[in-house]
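First the structure, in the form of structure tokens, and then the observations on it.
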Amino acid sequence: MSVATETRVRSGSGSLAWLLVLGIILAALNLRTAVTSVGPLLDQLAAGLGMSSVGTGLLTTLPVLAFAFVGAATPSLARRFGEHRLLLSALVLLGAGLLVRAMVGNAPVFLLSSAVALSGGAIGNVLIPTLIKRHFPGRAGVMTTVYTTALAVGTMLAAAATVPIERAAGGDWHIALGVWAVLAVIAAIPWFALVRRPRAEVAAPSAVGGGLRALLGSKLAWSVAVYFGTQSMIAYIMFGWLPTILTDAGYTTSQAGLVLGVFTALSIPISLVIPALATRFNDQRPVIVGLVAFYVIGFAGLWIAPSWIWTIFIGVGMGSFPLALTMLALRTRTAEHTAALSAFGQSAGYLIAGFGPLVVGLIYKATGGWSVPYLMIFAVLAIQLVTGLYAGRNRFLEDEPAKISV
């Protein structure tokens with residue numbers, strides 16, 4: 001399906017709407033499986049593939065690189081191939097990459113196939129907010145809730161189920177990683193059906209050009225990007241360093257792992273609440289301030305009197321992620337501008353976020369404690385608050401003085 005034949009939901013096309021909803025849910029379930037299925041098996045993978053420390057470091061960095069650089073190219077690809085066909089291709093790439101890396105026995109091919117799978121996920125990251133804006137402009141909040149909840153479920157599912165699958169398979173990590181390719185194949189089915197829909201159900205979006213370069217001078221675009229980047233940075237820091245923070249405070253590794261699991265699971269109910277709450281108002285600044293307040297309470301408590309209870313406050317603060325995704329649609333009027341803002345915000349944001357865990361690790365090793373890393377986290381939260389207050393105000397990208405055209 002070309003750009004000229006992109007499907008748009010019209011009143012009365014109920015079956016098409018439900019097919020799109022199903023497609024968005026299944027695609028969202030897959031966007032993080034290539035990332036979170038690897039972490040629990042990292043030691044086994046390094047041993048089985050003969051992967052050096054440089055290789056494992058590259059493997060853990062690949063998601064950020066793919067999300068940033070492939071995500072930036074997605075609007076141009078969508079204009080050329082069409083959004084539905086591109087998302088179908090992304091799911092095929094994701095499934096193929098997952099399948100190949102589950103079958104190989106050497107590190108270079110494993111890394112290359114991982115990059116292919118992550119590229120599919122990166123395209124989906126940008127496309128789904130755009131598709132929500134295009135097909136459900138009056139229900140963006142509801143559909144973003146559906147999307148972010150499915151994304152959270154898929155993230156947790158791959159993280160929690162990969163090790164049990166490996167054990168059930170007799171310690172075979174190939175099977176444990178390969179099962180996620182099946183989920184990608186299932187997710188591709190509704191999008192295959194969508195690209196074959198008759199032209200009678202189709203309306204053409206405007207064929208626009210210009211790309212992300214036009215957003216470089218946009219204060220709103222940069223505010224969204226930095227807000228997205230700072231919340232992702234906090235998330236990466238927590239996922240990477242929370243177990244160490246807890247074990248340094250006297251928790252056992254199994255206790256720390258349990259807390260991390262609960263912390264991750266909190267993203268599901270939070271993803272159900274935040275987008276629906278944010279879209280009830282034209283101005284999201286009160287929600288932004290509230291989430292930062294939860295972050296501050298949680299990190300201050302974890303610093304002063306380390307306990308698992310503070311991770312609940314931080315988990316609520318992590319609602320900044322579904323909020324950031326929601327604002328991609330709320331700060332734009334058209335699907336084309338949503339696509340540009342989604343690509344720009346996520347690409348720049350993930351590049352910003354990628355430095356967080358590395359810097360925290362270097363500071364922790366240099367100082368031998370958590371005081372300086374916590375000070376860095378509070379500085380990041382201050383930046384998040386400032387940029388969020390600008391991005392959360394009732395305004396639209398199309399209305400900026402620069403008259404941005406994408």
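The values are calculated or read from the model by the stated rules, or taken from the named source; none is laboratory data. Since the structure is predicted, the reported quantities are computational estimates derived from the model, not experimental observations. Using ideal geometry, Cβ is built from the backbone for each residue, glycine included, and neighbour counts are taken over all protein chains shown. These accessible areas exclude ligands, DNA and RNA; they are computed on the full protein's heavy atoms, side chains included. Shrake-Rupley method; radii C 1.70, N 1.55, O 1.52, S 1.80 Å.
Could you look through the stretch 210-224, keep only residues that are more than 22 Å from the chain's Cα centre (by Cα) and part of a helix (DSSP H, G or I), and pick out the one that is surrounded by the most Cβ atoms within 10 Å (Cβ to Cβ)?
Top of the filtered list is ALA214.
For the stretch 27-35, does any single residue satisfy the condition of being farther than 19 Å from LEU91 by Cβ, of a type in the set (A, V, I, L, M) and modelled with pLDDT under 95? Reasoning before the result, please.
From the stretch 27-35, those farther than 19 Å from LEU91 by Cβ are none; that's our starting set.
No, the conditions are met nowhere in the stretch 27-35.
Quick grid of which residues meet (1) under 23 Å from ALA150 (Cβ atoms); (2) crowded, with 20+ Cβ neighbours inside 10 Å; (3) out of contact with any strand residue (DSSP E or B) (no Cβ under 9 Å at 6 or more places or on another chain):
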| site | (1), (2), (3) |
| --- | --- |
| MET233 | no, yes, yes |
| PHE239 | yes, no, yes |
| LEU246 | no, yes, yes |
| GLY257 | no, no, yes |
| ALA265 | yes, no, yes |
| ILE268 | yes, no, yes |
| PRO275 | yes, yes, yes |
| ASN282 | no, no, yes |
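Please go through the stretch 120-164 and pick out each residue that is without any contact (Cβ under 8 Å) to a residue 60 or more places away in the chain, of a type in the set (Gly, Ala, Ser) and surrounded by fewer than 24 Cβ atoms within 10 Å (Cβ to Cβ).
Within the stretch 120-164, GLY138, ALA161 meet the criteria.
How many residues does the stretch 292-306 hold that are in contact (Cβ under 8 Å) with a residue 40 or more places away in the chain and either surrounded by fewer than 18 Cβ atoms within 10 Å (Cβ to Cβ) or of a type in the set (A, V, I, L, M, F, W, C) (or both)? Talk me through it step by step, then tell me what you get.
Quick first cut of the stretch 292-306, residues in contact (Cβ under 8 Å) with a residue 40 or more places away in the chain only: 292, 295-296, 299, 302-303, 306.
Okay, now just the ones that are also either surrounded by fewer than 18 Cβ atoms within 10 Å (Cβ to Cβ) or of a type in the set (A, V, I, L, M, F, W, C) (or both), so 292, 296, 299, 302-303, 306.
The qualifying residues number 6.
How many of the residues making up the stretch 87-98 are surrounded by fewer than 21 Cβ atoms within 10 Å (Cβ to Cβ) and either over 23 Å from LEU20 (Cα atoms) or out of contact with any Phe, Trp or Tyr (no Cβ under 8 Å at 6 or more places or on another chain) (or both)? If you could, list the steps in order and put the result at the bottom.
Of the stretch 87-98, the ones surrounded by fewer than 21 Cβ atoms within 10 Å (Cβ to Cβ) are 89, 92, 96.
Pick out the ones that are also either over 23 Å from LEU20 (Cα atoms) or out of contact with any Phe, Trp or Tyr (no Cβ under 8 Å at 6 or more places or on another chain) (or both) and you get 92, 96.
Total satisfying the criteria: 2.
Evaluate the following for LEU330: is it touching a residue at least 12 places away in the same chain (Cβ under 8 Å), open to solvent by less than 10 Å² (accessible area, probe 1.4 Å) and either under 14 Å from ALA221 (Cα atoms) or of a type in the set (A, V, I, L, M) (or both)?
Working: touching a residue at least 12 places away in the same chain (Cβ under 8 Å): yes; open to solvent by less than 10 Å² (accessible area, probe 1.4 Å): no; either under 14 Å from ALA221 (Cα atoms) or of a type in the set (A, V, I, L, M) (or both): yes.
The answer is no for LEU330.
When residues of the stretch 293-311 are filtered for being assigned to a helix (DSSP H, G or I), farther than 17 Å from ILE270 by Cα and of a type in the set (Gly, Ala, Ser), how many remain?
Qualifying residue count, the stretch 293-311: 2.
For the stretch 26-72, how many residues meet the condition of being without any contact (Cβ under 8 Å) to a residue 12 or more places away in the chain and open to solvent by less than 50 Å² (accessible area, probe 1.4 Å)?
2
Would you check if ALA382 is part of a helix (DSSP H, G or I) and either modelled with pLDDT of 95 or more or hydroxyl-bearing (Ser, Thr, Tyr) (or both)?
Numbers: part of a helix (DSSP H, G or I): yes; either modelled with pLDDT of 95 or more or hydroxyl-bearing (Ser, Thr, Tyr) (or both): yes.
Criteria met by ALA382.
Please verify whether LEU375 is surrounded by 15 or more Cβ atoms within 10 Å (Cβ to Cβ) and either out of contact with any His (no Cβ under 6 Å at 6 or more places or on another chain) or without any contact (Cβ under 8 Å) to a residue 12 or more places away in the chain (or both), treating the condition exactly as stated. Full working, then the answer.
Working: surrounded by 15 or more Cβ atoms within 10 Å (Cβ to Cβ): no; either out of contact with any His (no Cβ under 6 Å at 6 or more places or on another chain) or without any contact (Cβ under 8 Å) to a residue 12 or more places away in the chain (or both): yes.
No.
Of ALA140, ALA158, which residue is over 25 Å from LEU212 (Cβ atoms), in a helix (DSSP H, G or I), touching a Lys or Arg at 6+ places or on another chain (Cβ under 8 Å) and not hydroxyl-bearing (Ser, Thr, Tyr)?
Working: ALA140 fails: over 25 Å from LEU212 (Cβ atoms).
When all the criteria are applied, what remains is ALA158.
Considering each of PHE281, PHE263 in turn, give the residue that is closer than 29 Å to TYR364 by Cβ and aromatic (Phe, Trp, Tyr).
On the way: PHE281 fails: closer than 29 Å to TYR364 by Cβ.
The match here is PHE263.
Of the residues that make up the stretch 346-368, is at least one open to solvent by 60 Å² or more (accessible area, probe 1.4 Å), among the charged types (D, E, K, R), in a helix (DSSP H, G or I) and closer than 27 Å to GLU83 by Cα?
First, pick out the residues of the stretch 346-368 that are open to solvent by 60 Å² or more (accessible area, probe 1.4 Å): 351, 355, 358, 362, 365-368.
Pick out the ones that are also among the charged types (D, E, K, R) and you get 365.
Those still in the list that are in a helix (DSSP H, G or I) too: 365.
Adding the requirement that they be closer than 27 Å to GLU83 by Cα leaves none.
No, every residue in the stretch 346-368 fails to be open to solvent by 60 Å² or more (accessible area, probe 1.4 Å), among the charged types (D, E, K, R), in a helix (DSSP H, G or I) and closer than 27 Å to GLU83 by Cα.
In the stretch 99-118, which residues are surrounded by 15 or more Cβ atoms within 10 Å (Cβ to Cβ), out of contact with any Pro (no Cβ under 8 Å at 6 or more places or on another chain) and in contact (Cβ under 8 Å) with a residue 60 or more places away in the chain?
Passing the criteria: LEU99, ARG101, ALA102, PHE110, SER114, ALA117.
Go through the stretch 333-354 residue by residue and tally those that are among the charged types (D, E, K, R) and either free of Cβ contacts under 8 Å to residues at least 24 places away in the same chain or within 19 Å of VAL142 (Cα to Cα) (or both). So that I can check it myself, show each step before the final result.
Here is the first cut: in the stretch 333-354, the residues among the charged types (D, E, K, R) are 333, 336.
Remaining after also requiring either free of Cβ contacts under 8 Å to residues at least 24 places away in the same chain or within 19 Å of VAL142 (Cα to Cα) (or both): 333.
Qualifying residue count, the stretch 333-354: 1.
Let's see how each residue does on (1) at pLDDT 90 or above; (2) closer than 30 Å to GLN346 by Cβ; (3) in contact with an Asp or Glu (Cβ under 9 Å, 6 or more places away or on another chain); (4) assigned to a helix (DSSP H, G or I):
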| residue | (1), (2), (3), (4) |
| --- | --- |
| GLY171 | yes, no, no, no |
| TRP191 | yes, yes, no, yes |
| SER206 | no, yes, yes, no |
| VAL226 | yes, yes, no, yes |
